[in-house]
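Visitor: Sharing a structure with you now.
The values are calculated or read from the model by the stated rules, or taken from the named source; none is laboratory data. Nothing here was measured: the structure is a model prediction, and the numbers come from that model. Cβ placement follows ideal geometry from the backbone for every residue including glycine, while neighbour counts extend to all protein chains displayed. When the accessible area is computed, the model is the full protein with side chains, heavy atoms only, and any ligands, DNA or RNA have been set aside. Shrake-Rupley method; radii C 1.70, N 1.55, O 1.52, S 1.80 Å.
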Amino acid sequence: MILDLDRFIEREQPRWRELEAMLGKLEAAPGVRLDLDGSLRLHYLYQKAGADLAKVRGQSAAPQLRAYLEALVARAYAEIHENRARASAFSPRRFFTRDFPAAFRRNLAAFWLAVAVTLAGSAAGGALVRWDPEAKEVLLPFDHLMGSPRERVAREEGSPDRILRQPKSYFSSYLMTNNIKVAILTLVTGFAFGFGPLVLLFYNGVVLGAVAYDYLAAGQGRFLAGWLLPHGSFEIPAILIAGQAGFLLGAQLLKGSRDGGSMRRLRAAAPDAVILVGGLAAMLVWAGIVEAFFSQYHEPVLPYAVKIGFGCVELTALAAYLGWAGRRKPEEKLP
Amino acid sequence: MTGAATHTAEFRTPENLVFSVTLAGPAIRFVAWLIDMLVIAAAASLFGRMLTLLSVFSEDIAGAVLTLTYFAVSVGYGMAMEWFNHGQTLGKRVMRLRVLDSQGLRLRGYQVVIRNLFRFLDMLPAGYLVGGAACLLTRRCQRLGDMAANTIVIRNAEPGRPDLAKVAAGKFNSFLGYRHLGARLRQQVEAGEAAIAFQALLRRDELGDAERVALFRELKEHFAALAPFPPEAVEGIPDEQYVRNVVDILYR
């Protein structure tokens, strides 16, 4: 087809500009809905721009015009063919009272898998330290866990002033950011067919099991519970939820070409993974505050019964929240 | 989306319209990322200076605020910019890149979050090696974050038309009198061929004499075969001027 480009541009440009303006308004305010006339006009302009694009596709003289029209058609296509439910504005209240616990419950199998892997790691860690106490030096990544539990307990209970004087805000922020990074890494390595969370959760379990066995064998169970429960009751479930999200992504790849292919399934599963990450990040912020400002105080400053009781209340509240928050009553359920 | 040629993604809509977008390669994306890193570092540095006032009262709290702010900015910068700026961070805007849904649809919030969280994996072991390798190996030049979020990164079309003043045919273009041949030329010459001729004129001074003569002779013969102008229009015109006239017609 022979095209007089200048006349073509002169004739069609007003419609391209009109389409551009309509798209600009729609993109700037995603909540805006067009009335019937507006929708029909948008569709007409989109089809017209598409037809114009087809005309200039073979024109050597119009690489810029072609690029402009392709960009215009692409924008219009995104607006017209987007049939996924429009996301409403983010509401923290709705997120914490409904979205997060509901996403957790929707993917419960992945959570139990994360629990099972962590428990297997804990059993392995405890067994390794029992049979070979030297293994502690290899398994535990923290210096303060290397020595004898009895000596540590005596040292910390004997010098409460030292703990009271320690800077806690910076420590708290470090714990929050570090734990959130670990949680994100646990999630994203799920992309390796779930292998990443499998390794990270198992290793986390090994460390937990080794520490637990070490302290229990030394008769320091109360100290251990008082030290770990206040922050661990949120921190450990948060890491398990990160594993849950990682397994959720990995499972979509492992299913192969079923249900429209792995990319289609990933697209469907990704919103839940994002919700889980948002929720666990909030949990880790709380855990970081508790660990820095509460967990580090021991008897005689803070009785262990109080700390253990606090941790148990937190754990029960968390379980109740994740199990029941935001459940719809039967009459509210959609058909 | 249908099959794509190298570095482009082609979409066929239900109305049978076809449009393509140019995919961004790992090198240009790396430059955009470097710009973003500079922006984040500058923001962190500025914020750190502001916090020196707070550290007079409590170094502990100042350290905590700095740690949390840096973390929030480094993780949230990409998410916030891509969400509020239609798929563009500052680095991407400078380099004319944009994140797009892989099916050409509107970018969703969860996609922005997922692709930015996956930076933790793509950055490993250093300098985006994992992400860069994935970019090189995948058909649509996607890092792992793009695959997980179903997104692609495209190069935005350059707006405007080429600067013809630099290659203009001069006051008199003997081909302009043959409008039907000019139209045929526009129809026959492919966009890539037109671009080559345009670039040859722009960069003529970079060529040696012999190479320049050979190049313009080849171009002239190619264009003459596609749309032969009558002898009176081409008589006495050097090959380079012939190509200049052709480009003048093609782009004007």
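Visitor: Taking A:SER169 and the conditions (1) within 23 Å of the chain's Cα centre (by Cα); (2) at the interface with chain B (Cβ under 9 Å from one of its Cβ atoms), which numbered condition does it fall short on, given that it satisfies the others?
Guide: (1)
Visitor: When you go through A:ALA67, A:ALA78, A:ALA102 one by one, which is the residue that is in contact (Cβ under 8 Å) with a residue 12 or more places away in the chain and either among the small types (Gly, Ala, Ser) or open to solvent by 80 Å² or more (accessible area, probe 1.4 Å) (or both)?
Guide: Details: A:ALA67 fails: in contact (Cβ under 8 Å) with a residue 12 or more places away in the chain; A:ALA78 fails: in contact (Cβ under 8 Å) with a residue 12 or more places away in the chain.
Within the list A:ALA67, A:ALA78, A:ALA102, the selection yields A:ALA102.
Visitor: Let me ask something else about it. Take the conditions part of a loop (DSSP other than H, G, I, E, B) and open to solvent by less than 20 Å² (accessible area, probe 1.4 Å) and apply them to B:GLN111. Does it pass? Give the derivation first.
Guide: Working: part of a loop (DSSP other than H, G, I, E, B): no; open to solvent by less than 20 Å² (accessible area, probe 1.4 Å): yes.
When the stated conditions are applied, B:GLN111 does not pass them.
Visitor: Might you check whether a residue that is farther than 14 Å from B:ILE152 by Cα, among the hydroxyl-bearing types (Ser, Thr, Tyr), more than 22 Å from the chain's Cα centre (by Cα) and open to solvent by 70 Å² or more (accessible area, probe 1.4 Å) occurs anywhere in the range B:56-67? Spell out the reasoning first.
Guide: Of the residues in the range B:56-67, the ones farther than 14 Å from B:ILE152 by Cα are B:56-67.
The next check asks that each one be among the hydroxyl-bearing types (Ser, Thr, Tyr); those that pass are B:58, B:67.
Those still in the list that are more than 22 Å from the chain's Cα centre (by Cα) too: B:58, B:67.
If we keep only those that are open to solvent by 70 Å² or more (accessible area, probe 1.4 Å) too, we end up with none.
No, the range B:56-67 contains no residue that is farther than 14 Å from B:ILE152 by Cα, among the hydroxyl-bearing types (Ser, Thr, Tyr), more than 22 Å from the chain's Cα centre (by Cα) and open to solvent by 70 Å² or more (accessible area, probe 1.4 Å).
Visitor: Please tell me if A:GLU235 is among the acidic types (Asp, Glu) and part of a helix (DSSP H, G or I). Full working, then the answer.
Guide: Details: among the acidic types (Asp, Glu): yes; part of a helix (DSSP H, G or I): yes.
Judged against the criteria, A:GLU235 is a match.
Visitor: To continue, here is another question. Can you name the condition, by its number, that B:VAL73 falls short on among (1) at the interface with chain A (Cβ under 10 Å from one of its Cβ atoms); (2) open to solvent by 30 Å² or more (accessible area, probe 1.4 Å); (3) hydrophobic (A, V, I, L, M, F, W, C)?
Guide: With (1) at the interface with chain A (Cβ under 10 Å from one of its Cβ atoms); (2) open to solvent by 30 Å² or more (accessible area, probe 1.4 Å); (3) hydrophobic (A, V, I, L, M, F, W, C) applied to B:VAL73, the lone miss is (1).
Visitor: Can you tell which of B:LEU38, B:LEU51 is assigned to a helix (DSSP H, G or I) and within 14 Å of chain A (Cβ to nearest Cβ)? Talk me through it step by step, then tell me what you get.
Guide: Details: B:LEU38 fails: within 14 Å of chain A (Cβ to nearest Cβ).
Checking each option against the conditions leaves just B:LEU51.
Visitor: Right, B:ARG98: within 17 Å of the chain's Cα centre (by Cα) and under 30 Å from A:ALA76 (Cβ atoms) or not? Please lay out each step first, then the result.
Guide: Values: within 17 Å of the chain's Cα centre (by Cα): yes; under 30 Å from A:ALA76 (Cβ atoms): yes.
Yes.
Visitor: For B:GLY91, only one of the following conditions fails: (1) open to solvent by 10 Å² or more (accessible area, probe 1.4 Å); (2) farther than 27 Å from A:ASP272 by Cα. What is its number?
Guide: (1)
Visitor: Can I ask one more? Filter the range A:251-275 for residues that are away from chain B (no Cβ under 11 Å) and part of a helix (DSSP H, G or I); which is least open to solvent (accessible area, probe 1.4 Å)?
Guide: Selected residue: A:ALA251.
Visitor: Let me ask something additional. Just wondering, is there one or more residues in the range B:20-34 that are within 17 Å of the chain's Cα centre (by Cα), polar (S, T, N, Q) and assigned by TED's automatic domain parsing to the domain that holds B:ARG143?
Guide: Kept after step one, since they are within 17 Å of the chain's Cα centre (by Cα), are these residues of the range B:20-34: B:20-34.
With polar (S, T, N, Q) added as a condition, the list becomes B:20, B:22.
Now drop any that are not assigned by TED's automatic domain parsing to the domain that holds B:ARG143, which leaves B:20, B:22.
Within the range B:20-34 (the criterion being within 17 Å of the chain's Cα centre (by Cα), polar (S, T, N, Q) and assigned by TED's automatic domain parsing to the domain that holds B:ARG143), the answer is yes, since at least one residue qualifies.
Visitor: Do we have any residue at all in the range A:145-152 that's open to solvent by 80 Å² or more (accessible area, probe 1.4 Å) and at negative phi?
Guide: yes
Visitor: Here is a further query. Right, A:ALA281: crowded, with 23+ Cβ neighbours inside 10 Å and either among the hydrophobic types (A, V, I, L, M, F, W, C) or touching a helix residue (DSSP H, G or I) at 6+ places or on another chain (Cβ under 6 Å) (or both) or not?
Guide: So A:ALA281 does not fit the description; no.
Visitor: Can you tell me which residue in the range B:211-238 is least open to solvent (accessible area, probe 1.4 Å), limited to those that are over 26 Å from A:GLN64 (Cα atoms) and among the charged types (D, E, K, R)?
Guide: The extreme case among them is B:ARG212.
Visitor: I would also like to ask the following. Read through the list (1) touching a residue at least 12 places away in the same chain (Cβ under 8 Å); (2) on the phi < 0 side of the Ramachandran plot, then give the number of the only condition that B:ARG93 fails.
Guide: With respect to (1) touching a residue at least 12 places away in the same chain (Cβ under 8 Å); (2) on the phi < 0 side of the Ramachandran plot, B:ARG93 is out only on (1).
Visitor: With A:GLN296, A:GLN244 as the choices, which residue is of a type in the set (S, T, N, Q) and touching a Phe, Trp or Tyr at 6+ places or on another chain (Cβ under 6 Å)? Quick ask: steps written out before the conclusion?
Guide: Working: A:GLN296 fails: touching a Phe, Trp or Tyr at 6+ places or on another chain (Cβ under 6 Å).
Among A:GLN296, A:GLN244, only A:GLN244 is of a type in the set (S, T, N, Q) and touching a Phe, Trp or Tyr at 6+ places or on another chain (Cβ under 6 Å).
Visitor: Looking only at the range B:163-190, count how many residues are touching a helix residue (DSSP H, G or I) at 6+ places or on another chain (Cβ under 8 Å), under 22 Å from A:LEU65 (Cα atoms), modelled with pLDDT under 60 and surrounded by fewer than 17 Cβ atoms within 10 Å (Cβ to Cβ).
Guide: Total meeting the criteria: 3.
Visitor: From the set of residues in the range B:3-32 that are away from chain A (no Cβ under 14 Å) and touching a helix residue (DSSP H, G or I) at 6+ places or on another chain (Cβ under 6 Å), which is farthest from A:LYS55 (Cα to Cα)?
Guide: Among those residues, the one meeting the criterion is B:ALA32.
Visitor: Hey, another quick one. So if I check each of A:ILE184, A:ILE239, which one is more than 14 Å from every other protein chain (Cβ to nearest Cβ), closer than 23 Å to A:VAL274 by Cβ and in contact (Cβ under 8 Å) with a residue 24 or more places away in the chain? Quick ask: steps written out before the conclusion?
Guide: On the way: A:ILE184 fails: more than 14 Å from every other protein chain (Cβ to nearest Cβ).
So the residue among A:ILE184, A:ILE239 that is more than 14 Å from every other protein chain (Cβ to nearest Cβ), closer than 23 Å to A:VAL274 by Cβ and in contact (Cβ under 8 Å) with a residue 24 or more places away in the chain is A:ILE239.
Visitor: Quick one: in the range A:212-226, of everything that is assigned to a helix (DSSP H, G or I) and in contact with a helix residue (DSSP H, G or I) (Cβ under 6 Å, 6 or more places away or on another chain), which residue is most open to solvent (accessible area, probe 1.4 Å)? If you could, list the steps in order and put the result at the bottom.
Guide: Initial filter on the range A:212-226 (assigned to a helix (DSSP H, G or I)): A:212-217, A:221-226.
Cutting the leftovers down to in contact with a helix residue (DSSP H, G or I) (Cβ under 6 Å, 6 or more places away or on another chain) gives us A:213-215, A:222-226.
Details: A:TYR213: 79, A:ASP214: 23, A:TYR215: 4, A:ARG222: 135, A:PHE223: 5, A:LEU224: 17, A:ALA225: 30, A:GLY226: 0 Å².
Filtering the range A:212-226 for residues that are assigned to a helix (DSSP H, G or I) and in contact with a helix residue (DSSP H, G or I) (Cβ under 6 Å, 6 or more places away or on another chain), the one most open to solvent (accessible area, probe 1.4 Å) comes out as A:ARG222.
Visitor: Can you tell me which residue is nearest to B:VAL153 (Cα to Cα) among those in the range B:114-129 that are open to solvent by less than 40 Å² (accessible area, probe 1.4 Å) and within 12 Å of chain A (Cβ to nearest Cβ)? So that I can check it myself, show each step before the final result.
Guide: Going residue by residue through the range B:114-129, those that are open to solvent by less than 40 Å² (accessible area, probe 1.4 Å) are B:114-118, B:121-122, B:128.
Now drop any that are not within 12 Å of chain A (Cβ to nearest Cβ), which leaves B:114-118, B:121-122.
On the way: B:ILE114: 14, B:ARG115: 11, B:ASN116: 13, B:LEU117: 16, B:PHE118: 15, B:LEU121: 18, B:ASP122: 15 Å.
Among them, the one singled out is B:ARG115.
Visitor: Considering only the range A:182-193, I want to know if a residue exists there that is under 25 Å from B:GLY131 (Cα atoms) and not in a helix (DSSP H, G or I).
Guide: Initially, the range A:182-193 is screened for residues under 25 Å from B:GLY131 (Cα atoms), giving A:182-193.
Filter again for not in a helix (DSSP H, G or I), leaving A:192-193.
Scanning the range A:182-193, I find at least one residue that is under 25 Å from B:GLY131 (Cα atoms) and not in a helix (DSSP H, G or I), so the answer is yes.
Visitor: Restricting to the range B:33-49, name every residue that is open to solvent by 70 Å² or more (accessible area, probe 1.4 Å) and among the charged types (D, E, K, R).
Guide: Passing the criteria: only B:ARG49.
Visitor: Does A:GLY126 qualify as being outside any helix (DSSP H, G or I) and either assigned by TED's automatic domain parsing to the domain that holds A:ASP214 or under 33 Å from the mean Cα position of the chain (by Cα) (or both)? I'd like the intermediate steps shown before the answer.
Guide: On the way: outside any helix (DSSP H, G or I): no; either assigned by TED's automatic domain parsing to the domain that holds A:ASP214 or under 33 Å from the mean Cα position of the chain (by Cα) (or both): yes.
Spelling it out, it is not the case that A:GLY126 is outside any helix (DSSP H, G or I) and either assigned by TED's automatic domain parsing to the domain that holds A:ASP214 or under 33 Å from the mean Cα position of the chain (by Cα) (or both).
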